[in-house]
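Report on the following structure.
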Amino acid sequence: NKASMSAENQKLFEEFVDYCSKLTAEHPEVIPFLQKCHSKANASYLSSVEFRNTLGRCLARVQGKQTKLYVYINELCTVLKNHSEKKKVPLRTQP
Amino acid sequence: GAHAAEDEEEDDDDEDPENRIAKKMLLQEIKAGLSSD
């Protein structure tokens, strides 16, 4: 169900953050930024299978290939921003 | 050092190029976000 999926995703996200925190000491601003993107993402996405799959994939990849650490962090930030509550709506000119 | 300072911005030659680009983008975005806050 939705609640357990949300809890599982939260746990996976914390695992990702925890793992990356140890490797981003040179840029300590990166993890708070990732957490900010996460906090702004909409709740339904955060409790979705889609998010779990993305998280699981990023976590597995970063653990397997630390040389691409920022690639996976950036990927996760992008995904979270695309599911932001305050997603920017493109301006439309009135006729 | 005939080719000293040839590539000033690239401080870590061993870094994965894709990782370097992603890091640069991420840091620029963080910087932009901080200045707009």
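Tabulated results
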item	result
Filter result (of a type in the set (A, V, I, L, M) and under 16 Å from B:Ala22 (Cβ atoms)) within the stretch A:28-82	A:Val30, A:Ile31, A:Leu34, A:Val62, A:Leu69, A:Val71, A:Ile73, A:Leu76, A:Val79, A:Leu80
Residue within the stretch A:74-84 that is more than 18 Å from A:Ser4 (Cβ to Cβ), surrounded by 13 or more Cβ atoms within 10 Å (Cβ to Cβ), within 14 Å of chain B (Cβ to nearest Cβ) and small (Gly, Ala, Ser) present	yes
Residue within the stretch A:23-41 that is more than 12 Å from chain B (Cβ to nearest Cβ), surrounded by 15 or more Cβ atoms within 10 Å (Cβ to Cβ) and hydrophobic (A, V, I, L, M, F, W, C) present	yes
Residue, nearest to A:Pro28 (Cα to Cα), within the stretch A:39-80, restricted to residues that are outside any helix (DSSP H, G or I) and touching a residue at least 24 places away in the same chain (Cβ under 8 Å)	A:Ala41
A:Tyr19 being more than 11 Å from the chain's Cα centre (by Cα) and farther than 20 Å from B:Met25 by Cβ	yes
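A short reminder: the numbers here are calculations on the coordinates, not readings from a lab. Everything quoted here is computed from the prediction, not taken from an experiment. Cβ sites come from the backbone with ideal geometry, for glycine too, and all protein chains shown count toward neighbours.
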